[in-house]
Amino acid sequence: AGEGDISFSLKPQLQQWPVQLTLAPVKAPYFQDADLLITADCVPFAYPDYHPKLLKGKKVVIGCPKLDDLNAYVEKLTAIVQSNNIKSITVAFMEVPCCNGIVYAAEQAAQASGKNLKVNKIRITIDGKKEII
């Protein structure tokens, strides 16, 4: 087998577009009755099972809390949660310190929305392991 050949294929689990938080609409049909997955940009690269183990069955928004405006994230996420019937919120983030911002944004948005939603936290280690917090 040549380089790049793989003997199996994973089925992509992405169900909507766009995924970038900055580009995602506040109100969209795909957010209705959705399990929302807020993902730090690096997670899908570090966690090989991202599609089948994290993304499957969820609607996703992604972003980098170090490169982008965290207050804008809080505002946008709050608006998404307030404007749609979100069933659950999960935030997937890397173990590196700069990623804590996306957890903060998810928690602030859940609280500011006025809805009683717990934020499920999944930390991904640099070597690709999943830790439920």
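The values are calculated or read from the model by the stated rules, or taken from the named source; none is laboratory data. Bear in mind the structure is a predicted one, so any value in this text is a computation, not a measurement. For neighbour counting, all protein chains shown are included, and Cβ atoms are generated from backbone atoms with ideal geometry for every residue, glycine included. Surface accessibility is based on the protein's heavy atoms, side chains included, excluding ligands, DNA and RNA. Shrake-Rupley method; radii C 1.70, N 1.55, O 1.52, S 1.80 Å.
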Item checked: Per-residue [θ]222 nm for the chain (sum of -39500 (n - 2.57) over DSSP H runs n ≥ 4, rounded to 500) -> -7000 deg cm²/dmol
Next item on the list: List the relative contact order of segment 28-133 as a percent without decimals, with contacts defined as Cα pairs under 8 Å and 6+ residues apart.
Entry: 33
Item checked: Efficiency of FRET between residue 100 and residue 20 - r from beta-carbon atoms, R0 22 angstrom, step 0.05 -> 0.65
Next item on the list: Over the chain, average the accessible area per residue using a 1.4 Å probe and give it in Å², no decimals.
Entry: 56
Next item on the list: Express the carbon and sulfur contribution to the solvent-accessible surface of segment 29-133 as a percent, rounded to the nearest whole number, probe 1.4 angstrom.
Entry: 53
